[in-house]
1. Given the criteria at pLDDT 80 or above and in a strand (DSSP E or B), does residue 59 qualify?
2. Look at segment 8-56 and say how many of its residues are surrounded by fewer than 11 Cβ atoms within 10 Å (Cβ to Cβ) and at pLDDT 80 or above.
3. Identify, please: which residue in segment 25-53 is without any contact (Cβ under 8 Å) to a residue 12 or more places away in the chain and assigned to a loop (DSSP other than H, G, I, E, B) and is, among those, farthest from residue 85 (Cα to Cα)?
4. Taking the residues in segment 62-104 that are more than 24 Å from residue 43 (Cα to Cα) and in a strand (DSSP E or B) as candidates, determine which candidate is modelled with the lowest pLDDT.
Amino acid sequence: MASIYSCAECGTNLNLQTIHLFPSDFYFEAGNKGTLSFGVVDQTKFRFEKEDKIKPFFETINYWGIQRKRIKMKCNSCGHLVGYVHDDGPPLTNSTGQFHMGPSQVIPRDPRYRFKTKALKITSET
């Protein structure tokens, strides 16, 4: 049984595939509370806006900073914010990182598309 993911604001089908959904217990540095994370999205369905804030942020012990750079994802039809793009997906290399410091912000990683569950309307297709 497949699911259809639509924008909660305007009802537009966002063309998200369940096969690209990360498992709910999969660990990410930027967390996953109240969100669904996908590895691949149809980029024609979204508007991407860069956000650059000088403000301290703490998401986990190893994921914090002063300057937050991230990308907002907005529905292309209505402009409603549906989530963010994070760079903490699966590593692009098998390396342990610079000075063996671990994967946090040192190893290039695939993007992870993190959707707020409140911004999605999920229906089942039979």
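1. Working: at pLDDT 80 or above: no; in a strand (DSSP E or B): yes.
Against the criterion (at pLDDT 80 or above and in a strand (DSSP E or B)), residue 59 does not qualify.
2. So the first thing to find is which residues in segment 8-56 are surrounded by fewer than 11 Cβ atoms within 10 Å (Cβ to Cβ), and the list is 19, 23-25, 27, 33-34, 44, 50-52, 54-56.
Next cut, at pLDDT 80 or above only: 19, 23, 34, 44, 50-52.
Residues that pass the stated criteria total 7.
3. If we filter segment 25-53 for residues that are without any contact (Cβ under 8 Å) to a residue 12 or more places away in the chain, which is where we start, we get 25-27, 33, 43.
Going one step further and asking which of them are assigned to a loop (DSSP other than H, G, I, E, B), we end up with 25-27, 33.
Values: 25: 19, 26: 17, 27: 16, 33: 15 Å.
Among those that are without any contact (Cβ under 8 Å) to a residue 12 or more places away in the chain and assigned to a loop (DSSP other than H, G, I, E, B), it is 25.
4. So in segment 62-104, the residues more than 24 Å from residue 43 (Cα to Cα) come out as 62-67, 93-104.
Filter once more, keeping what is in a strand (DSSP E or B): 63-67.
Values: 63: 64, 64: 68, 65: 71, 66: 74, 67: 70.
My answer is 63.
The values are calculated or read from the model by the stated rules, or taken from the named source; none is laboratory data. Computed from a predicted structure; not experimentally measured. For neighbour counting, all protein chains shown are included, and Cβ atoms are generated from backbone atoms with ideal geometry for every residue, glycine included.
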